[in-house]
Structure formats: structure tokens, C-alpha cells
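For reference, the structure is listed below as C-alpha cells.
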Amino acid sequence: MSNTFSLAQGREYLAIPGPSVMPDAVLQAMQRPAPNIYEGPLVDMVAGLIPDLKRVARTAHNAAIYICNGHGAWEAALSNTVAPGETVLVPATGRFGMGWADMAQGLGIETQILDFGRSVPWDLDRIAEALRADTGHKIKAVLAVHVDTSSSVRNDVPGVRRVLDDLGHPALLMVDCIASMGCDRFEMDAWGADVALTGSQKGMMVPPGLAFVFFNDRAAAVRAKMPRVSRYWDWLPRAEPEAFFQYFGGTAPTHHLYALRVALDMIHAEGMEHVWGRHARLAQAVWAACEAWGQGGPLRLNVADPAQRSHAVTALRIGAPHGTELRRWVQDNIGLTLGIGLGMSEPDDPNGDGFFRLGHMGHVNGQMILGLLGGMEAGMCALDIPHGSGAIEAAAKVIAGHCRD
Ligand SMILES: *Cc1c(COP(=O)(O)O)cnc(C)c1O
């Protein structure tokens, strides 16, 4: 069994799928006295944040900032576009699609859920079938989670746009990019998303507490026809404020804004294409290791097809109780925190202890991923969990880009 001599002292690595690792520069930017919110540097800074935010979403349209988490962004998007009694279509590939549907139900919205299970993406044919059957255009929006953080399935957003266009269906395409923005390629305008939303604490590398909702002119036109919109969630004054406080519906989230400024500077200094490429390469290293371990033991990637996997989070199964045991071991012994399994089993299912997730989103580099994988290997050794050999070597080869054998 495991050696109890802990090596956890040192800088810890929180490898959960949000909140993600926060850059020191982002945290340092928050370490300052309260600024004046009526005039001066903070007020001057915010106007410049908006275009840089839109560049992350790849949109030329509108952006609204909210002081909330991702659940708030869900409610914000719905509050501006779908009235109580109207219907939304929700293709779900894990816990988060179901969560957005639940949020809609709480607002009195009818939900038509297509459940695709927990390990494969949407089937576009089934989405098309549901939209085709909606001859009266009762469906006002498709609530599309790009990357489901519980299952680590990545879905085909442009595919849904094509389906809507082919059928001439007017429903808005609203995309949850909370686990993908700043990690996986997402291009709001080119992909034809009408609404896209994200939170601050994942690929954006800022502490939880801000959310961003991007919307195009089609979505703005739907908003304009709503019988009423909650004053607080209304995106109009936030996107086109006449006074500074209207950006935030009240007092500005002062310190988060300084953090966001630095995070956006970091993202754009690296470049969006490079940010996406880095996440892709690091994810491939994670998969290479997991596949090697799986050759000689119970570890399995939840999503079989690499083309359908998130580049920011990896859901794994290793059989109960190994998942929970491994998380505890790396936490206690080497200062590494892995993500719990989420939504992969019912709460009272003893198999729940067999699931866990790796977060590799945001401020993450090659040595961190090799540390993460080396730590998992140590944990499996210590706990006598069978695993194939050559995993770290396989990951190192991916990180190296090439390697002469
Ligand atoms: C994290 C996450 C959410 C929820 O965000 P909170 O900030 O926890 O409210 C919703 N959707 C996806 C895809 C997520 O990854």
C-alpha cells in the first residue's frame, strides 16, 4: 500500500475543470486599494476591455458583462430571449445541458430535451428531426453546450447552424462556451451562433465572479420583441451603457476587472490560434498517457473518439473505488488536486467512486501536464492500481512534437 511520507509541500496544482489555475499576474492585479468608480483609470479601462473580450469570442457583435457565475450567464441569456411558456430545444451530452434546461424550467420555459447520453456528441439528425417536426416554429432557441464539462464531450456547433439554416428554422442558436472559450476553438460569428456565453473562471483564467454574454443582431431583435425583461438581466444597457454603472447593473466588480484586463492581455499576447493549439497539444499528451495506462489496467477515457473530446477537460473512469482513492492519494501525497466525477452516475451509485476528471484549461503548460501525468502514475503505483507502461514516455513524445526512437 501507499508510503505515507508526503511530498505535498510546494506549489500545489489544482487540476480541476474550473476554477482553473490563476496566473500570478492576474492575482497581483487584484491586489490594490479600491478604485474610484465614478471617474479615473478604472472607468477609462473598461471601454477597452469590451473589444478584447469580443476577440476571444470571435465576434464583432455585442458583449454584456454580469457579476455572476456560469449559472447566472445561463439565466441572463434566457431572460433576454425566451418568455415564460415558450419552448427551447436542449440537446444534452451530460450534466450541463440538463442544468441549462433546468434553469429554463425555473423561468417557466418549456424544454424539449434530447438526451444523447454521457459519452458521445449530439446526433445532428435527431436535432434536425426535432426541428423539422416543429412546423409551427414553437421552438425559440436551441440551448447548445459546446463542451460538456461532466462528460468532456465536445459538440459540433457549426453543424447545428447548418441544420437550422437547411430547415429555414428561425430558432436562436445559443451556445454555452463556459468550458471551451479560451481553450477549444470557438468562432461565434463564423459558426453562426446568435448568443454565446462564458464565465471568468475557466479558460479566461480570472477568479469566479464574472460572466460574459455575447449576442448578435438577430438575438437583439428577439430581445426587442420580448414582452418584458428583468431589469437586472437585461443585456441592452450593459452592452450600450449611457452611464458607467450600467455596464454592471450597479457597482462595478472593480478588482475582477483589473484581473480580467491582465488575463486578456496574456491571451492576446499569446494569440487565440496559439492558445487553441496549446490546449490541443496538451490534451493529446493527456490522452496518449491515458491510452497507455489503459493497455494494462482499468483506466478508460470517457469519450472514445479523439475528434469528439474537449481540449480542456478529460473525463475518466477507472472503476470504484480507484477514482476517489487516486484523487485522495495525489492530493495528500504530492499536492495535486484532480476533479471529481460529475454527472456520470447517480449520487447513491457505489460506482460513482470510479469516475474522475482532469482539468487542463487556461494557464497550463507542458511541464504542468507532465507533472500531472507523472503524479497520476505515482498514485497508481502507490495504490497498486494496475496500469499499462510507457504512459509518461508517450505524453513526453507528444509534448516534444517529435522524437527519434
Ligand atoms: C462550469 C460550467 C457551468 C457552470 O458554471 P458555474 O460558474 O459553476 O455556474 C456551465 N456550463 C459549463 C459547460 C461549465 O463548464
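The values are calculated or read from the model by the stated rules, or taken from the named source; none is laboratory data. Since the model is a prediction, treat every value here as computed from it, not as a measurement. Cβ: placed from backbone, ideal geometry, glycine included. Neighbour counts: every protein chain shown. These area figures cover heavy atoms from the full protein model, side chains too; ligands, DNA and RNA do not enter into them. Shrake-Rupley method; radii C 1.70, N 1.55, O 1.52, S 1.80 Å.
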Among residues belonging to the stretch 208-218 that are open to solvent by 10 Å² or more (accessible area, probe 1.4 Å) and within 12 Å of the ligand (Cβ to nearest atom), point out the one that is nearest to P23 (Cα to Cα).
-> P208
Determine, yes or no, whether M205 is within 15 Å of the chain's Cα centre (by Cα), in a loop (DSSP other than H, G, I, E, B), more than 12 Å from the ligand (Cβ to nearest atom) and modelled with pLDDT of 95 or more.
-> yes
Of all residues in the stretch 282-299, count the ones that are closer than 18 Å to I16 by Cα and open to solvent by 40 Å² or more (accessible area, probe 1.4 Å).
-> 1
Within the stretch 102-119, can you find the residues that are touching a strand residue (DSSP E or B) at 6+ places or on another chain (Cβ under 6 Å), among the hydrophobic types (A, V, I, L, M, F, W, C) and either within 16 Å of the ligand (Cβ to nearest atom) or in a helix (DSSP H, G or I) (or both)?
-> A104, I113
Can you tell me how many residues in the stretch 307-331 are open to solvent by 20 Å² or more (accessible area, probe 1.4 Å) and either under 30 Å from L264 (Cβ atoms) or not assigned by TED's automatic domain parsing to the domain that holds H363 (or both)?
-> 3
So how many residues does the stretch 89-102 have that are open to solvent by 10 Å² or more (accessible area, probe 1.4 Å) and farther than 13 Å from T149 by Cα?
-> 1
Could you say whether any residue in the stretch 156-174 is within 13 Å of the ligand (Cβ to nearest atom), closer than 21 Å to T111 by Cβ and of a type outside the set (A, V, I, L, M)?
-> no
Search result, residues across the stretch 49-69 that are open to solvent by 10 Å² or more (accessible area, probe 1.4 Å) and within 16 Å of the ligand (Cβ to nearest atom) = I67, C68, N69
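For A292, indicate whether it is in contact (Cβ under 8 Å) with a residue 12 or more places away in the chain and within 23 Å of P35 (Cα to Cα).
Judged against the criteria, A292 is not a match.
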Could you count how many residues in the stretch 344-395 are farther than 28 Å from G271 by Cβ, open to solvent by 10 Å² or more (accessible area, probe 1.4 Å), touching a Leu at 6+ places or on another chain (Cβ under 8 Å) and outside any helix (DSSP H, G or I)?
-> 3
Can you name the residue in the stretch 84-101 that is outside any helix (DSSP H, G or I) and in contact with a Leu (Cβ under 9 Å, 6 or more places away or on another chain) and is also farthest from Q308 (Cα to Cα) among such residues?
-> P84
Exception for N36 within (1) touching a Ser or Thr at 6+ places or on another chain (Cβ under 6 Å); (2) not assigned by TED's automatic domain parsing to the domain that holds A283 falls at (1)
Select from the stretch 70-83 the residues that are assigned to a helix (DSSP H, G or I) and either away from the ligand (no atom under 16 Å from the Cβ) or closer than 20 Å to G182 by Cα (or both) and list them in ascending order.
-> G70, H71, G72, A73, W74, A77, N80, T81
Single residue of A221, A193, A179 found to be more than 16 Å from the ligand (Cβ to nearest atom) and either crowded, with 18+ Cβ neighbours inside 10 Å or part of a helix (DSSP H, G or I) (or both) | A221
Go through E75, E86, E129 for me and flag whichever is without any contact (Cβ under 8 Å) to a residue 40 or more places away in the chain and open to solvent by 10 Å² or more (accessible area, probe 1.4 Å).
-> E129
In the stretch 1-36, the residues that are more than 16 Å from the ligand (Cβ to nearest atom), hydrophobic (A, V, I, L, M, F, W, C) and modelled with pLDDT of 95 or more = L7, A8, A25, V26, L27, A29, M30, A34
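Per-residue answers, yes or no, for (1) outside the structural domain of V195 (by TED's automatic domain parsing); (2) among the acidic types (D, E); (3) closer than 26 Å to L301 by Cα:
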position: T81; (1), (2), (3): no, no, no
position: E86; (1), (2), (3): no, yes, no
position: D115; (1), (2), (3): no, yes, yes
position: E129; (1), (2), (3): no, yes, no
position: G136; (1), (2), (3): no, no, no
position: P158; (1), (2), (3): no, no, yes
position: R161; (1), (2), (3): no, no, no
Looking at (1) within 15 Å of the ligand (Cβ to nearest atom); (2) surrounded by fewer than 18 Cβ atoms within 10 Å (Cβ to Cβ), which is the one condition that is false for H137?
-> (1)
